[in-house]
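The values are calculated or read from the model by the stated rules, or taken from the named source; none is laboratory data. All figures in this text were calculated on a predicted structure; none of them were measured in a lab. Neighbour counts run over all protein chains shown; Cβ positions are idealised from the backbone, glycine included.
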Amino acid sequence: MALLPIITAPDPRLKLKAKPVVGVDDKVRRLMDDMLETMYHAIGIGLAAPQVGAQHRVLVIDVAREGEKPQRMRIANPEILWRSEEMATANEGCLSLPEHYADVERPRAIRLRYLDHENEIREIDAEGLLATCLQHEIDHLDGLLFVDHVSSLKRGMILRKLAKTKRARAMAAD
Ligand code: NI
């Protein structure tokens, strides 16, 4: 397994629509495993392939809390089959928008179909944190970030700060 560099916003690669995988083969499994390692290392609970520069509809999630048994999920070609009418608000963060958080409203529960790491079709019902996290990661596959769900004022503020941090880092590296 290997740690992959995580792309931070603003970056045009985070705005692309990722392509479905043909199937989950060794190459995709390897990507999933590298993404899991990268996610755990960065202390995140979800990571989507476009965040590591791979334009595939692949994501990994583990919403287990500290001290709980890991619940790693390796997901390809996710498809939301149903969304609850009831909405829920969660304070979201993202490894591509480090140190920024915002309240985002999304359906409270979803039903999801996907291909797992063994290329088996699975269907699950998710609610709460898992539903939030799945929807957040699926957004990445469509080129959307959590800031695309908040006011343009707040989005502009966060993206400007991130751009400034990036410029400062680039100058320091020169
Ligand atoms: Ni994210």
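In a residue-by-residue description of the stretch 148-168, the property of being surrounded by 14 or more Cβ atoms within 10 Å (Cβ to Cβ), under 29 Å from V28 (Cα atoms) and in contact (Cβ under 8 Å) with a residue 24 or more places away in the chain applies to no position.
Annotation: of all residues in the stretch 107-130 being without any contact (Cβ under 8 Å) to a residue 40 or more places away in the chain and of a type in the set (A, V, I, L, M), the one that is nearest to H41 (Cα to Cα) is A126.
Can you find, within the stretch 46-79, the residue that is surrounded by the fewest Cβ atoms within 10 Å (Cβ to Cβ) among those that are touching a Cys at 6+ places or on another chain (Cβ under 6 Å) and β-branched (V, I, T)? Out of the qualifying residues, it is V63. Kindly establish whether T132 is within 16 Å of the ligand (Cβ to nearest atom) and out of contact with any Leu (no Cβ under 9 Å at 6 or more places or on another chain). Yes; evaluated as a whole, the condition is true for this residue. Those strands (runs of 3 or more DSSP E) of the stretch 1-83 in which 1 or more residues are of a type in the set (S, T, N, Q) and farther than 20 Å from P98 by Cα occupy 73-83. Going through (1) in a strand (DSSP E or B); (2) touching a Lys or Arg at 6+ places or on another chain (Cβ under 6 Å) one by one, I124 falls short only on (2). For the residues A88, A64, the requirement of being among the small types (G, A, S), more than 15 Å from the ligand (Cβ to nearest atom), at pLDDT below 95 and within 24 Å of A109 (Cα to Cα) singles out A64. Within the stretch 100-119, can one find any residue that is of a type in the set (G, A, S) and crowded, with 21+ Cβ neighbours inside 10 Å? No, the stretch 100-119 contains no residue that is of a type in the set (G, A, S) and crowded, with 21+ Cβ neighbours inside 10 Å.
For V104, are the conditions met, namely being within 16 Å of the ligand (Cβ to nearest atom) and in contact (Cβ under 8 Å) with a residue 60 or more places away in the chain?
So V104 fails the test.
For the stretch 67-77, name all the residues that are modelled with pLDDT of 95 or more and farther than 16 Å from L36 by Cβ. The one that is modelled with pLDDT of 95 or more and farther than 16 Å from L36 by Cβ: N77. Count of the stretch 129-174 residues, restricted to those that are in contact with a strand residue (DSSP E or B) (Cβ under 7 Å, 6 or more places away or on another chain) and among the small types (G, A, S), is 1.
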